[in-house]
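A quick write-up on the structure given underneath.
Here, each number is a calculation from the coordinates, and none is a lab measurement. This is a predicted model, so every value here is computed, not measured. Neighbour counts are summed over all protein chains in view; Cβ atoms, including those assigned to glycine, are modelled from backbone coordinates with ideal geometry.
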């Protein structure tokens with residue numbers, strides 16, 4: 001199998017970027033290509049990630065091709081999350097047809113469209129949408145309660161998880177929702193949206209875009225001295241609720257098992273130096289991390305009390321602040337990969353984890369953590 | 001109880017109300033164009049690298065991938081590049097009068113523009129014909145300041 005590496009990243013996240021989607025993408029990609037020392041003609045294939053509903057027209061990529069430099073170039077789109085798009089770009093390079101690929105994921109959920117509405121229209125139109133009882137936030141509340149009840153986890157634990165992420169985000173220049181010195185009590189005092197979900201448990205509405213450059217082995221080594229190799233991927237989808245126990249995530253577990261097998265990882269908790277997960281609500285972080293095999297099932301209280309997921313712990317979880325720091329739909333997962341890249345190349349600044357060589361990025365789409373994808377990346381070529 | 005199982009298809013009426021969008025667009029090129037239209041002038045933007053004149057102009061060249069800002073005057077006459085005769089609306093309802101919709105390349109621009117051509121029988125209309133914009137009496141600085149096009153007869 002070919003070796004494929006990530007050789008560069010660039011991202012922008014804001015509550016309101018103050019410019020059009022086209023201009024946001026053009027400026028991001030123009031500057032990124034310049035930094036990488038390439039032109040758009042050096043890119044063999046473009047994989048875009050955006051959503052028709054967010055963009056307000058079908059085939060959302062049609063007005064993104066030119067701003068990312070894909071005019072008259074090989075181009076495709078994945079309409080879910082950036083981890084899934086990056087996985088597809090990885091596979092395209094593995095095919096041998098392409099040596100370089102750019103992945104660009106974006107949306108403007110901060111300024112253009114309330115993100116929760118998009119989720120409403122992903123509900124089953126002949127039942128859930130007609131009954132009109134579910135939306136993204138009360139689905140989060142239902143899943144949080146199921147997890148808390150199953151494992152005896154208190155609301156205070158969700159507050160602690162949120163506070164840790166918001167404090168981490170305050171140290172990350174790419175996150176805009178960070179809160180220095182925020183305490184679990186501050187989180188507990190934020191508005192209750194749907195009990196037990198409070199405002200500070202939730203991802204912020206975000207305008208954002210992220211771009212990654214992937215390359216096959218020879219090109220990767222020409223483009224950078226510090227490639228970050230893609231070692232394993234997994235991408236699985238389950239139903240959003242009827243046929244499953246929402247207190248756990250089988251699709252996170254199975255996608256991780258696939259990725260670990262591919263990457264030759266047998267003990268993820270000791271072999272991974274950090275993870276970046278797309279927990280859009282604080283309660284999702286333990287469900288994801290437990291399914292990844294990093295902590296025992298139902299151990300959220302213990303992990304929070306003992307700081308086992310802190311930036312300076314043995315298993316740092318989302319040192320960037322994760323989705324609570326910024327989460328643009330589609331771009332959210334790609335940002336997780338970009339953050340792993342920053343960590344493994346030693347460029348994570350105030351969020352840098354010491355001796356980071358192998359990391360995992362997680363992305364999701366849908367209600368109740370329905371669709372999950374993971375990517376294991378490493379500085380070790382192997 | 002007995003219940004007859006088996007395939008059954010139902011049709012359910014559902015709403016697809018996509019609410020309100022706050023679209024964002026690049027304003028510069030359209031402002032340049034519409035401000036000129038108040039004085040019945042057309043202005044586009046030229047790429048300094050490939051020379052392409054866009055009207056209305058984007059803020060970057062889609063081919064050269066660089067920012068562009070050179071303003072150029074464009075004439076309100078042009079050439080018909082293609083046309084069709086519109087006979088029905090998008091839902092298939094016939095319209096009362098046939099309408100000629102033409103793609104027009106203005107003199108001095110490289111991009112095409114869609115407009116309605118009047119004063120000519122559709123059977124007589126041809127690609128390559130020369131047309132001129134017919135302006136509204138009191139231009140307000142909007143794209144509808146060009147009311148329609150008419151064929152230039154020598």
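Here are the numbers:
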item	result
Shape call, segment B:1-89: gyration tensor on alpha carbons, a/c limit 1.5	prolate
Cα-based shape type of segment A:230-382, given that a ≥ b ≥ c are square roots of the gyration tensor eigenvalues and the cut on a/c is 1.5	rounded
Segment B:28-151 - share of DSSP beta bridges that are antiparallel (%, nearest 5)	95 percent
Debye log10 I(q)/I(0) for segment B:28-151, one point scatterer per Cα, at q = 0.22 Å⁻¹	-1.19
Candidates B:140, B:109, B:14: whichever shows maximal mean-square fluctuation once chain B is modelled as a Gaussian network with Cα springs under 10 Å	B:14
Distance histogram for segment A:121-277 (every C-alpha pair counted, 5 angstrom bins, percent rounded to whole numbers)	2, 7, 11, 13, 15, 19, 15, 9, 5, 3, 1, 0
Estimated 222 nm signal from helices in the protein assembly as shown, with DSSP H stretches of n ≥ 4 weighted -39500 (n - 2.57), rounded to 500	-8000 deg cm²/dmol
Ordering of A:31-44, A:110-123 by packing [mean C-beta count within 10 Å, highest first]	A:110-123, A:31-44
Value of relative contact order over chain A, rounded to a whole percent, pairs C-alpha under 8 Å and six or more apart	25 percent
Shielding by partners, peptide B:63-71 (average Cβ within 10 angstrom, other chains)	3
Among A:165-178, A:314-327, the order from most to least packed when residues are scored by Cβ within 10 Å on average	A:314-327, A:165-178
Partner chain coverage, peptide A:19-30 - average Cβ within 10 angstrom	4
Label point at residue A:186 placed 7 Å out along Cα→Cβ; residues across segment A:306-349 whose backbone nitrogen lies under 14 Å	A:325
C-alpha center-to-center spacing [segment A:167-243, segment B:36-64] in angstrom	39 Å
By average C-beta atoms within 10 angstrom, highest first, the peptides A:19-29, B:120-130	A:19-29, B:120-130
Cβ neighbours within 10 Å from other chains - mean over A:120-126	2
Prolate/oblate/rounded call for the protein assembly as shown, Cα gyration tensor, a/c under 1.5 rounded	prolate
Label zone at residue A:270, where the point sits 7 Å out along the Cα-to-Cβ direction: segment A:294-315 residues whose backbone N lies under 17 Å	A:294-296, A:314-315
Alpha carbon centroid spacing (whole Å) that separates segment A:320-369 from segment B:82-104	52 Å
Average Cα contact separation per residue, segment B:28-151, under 8 Å, 6 or more apart, as relative contact order %	24 percent
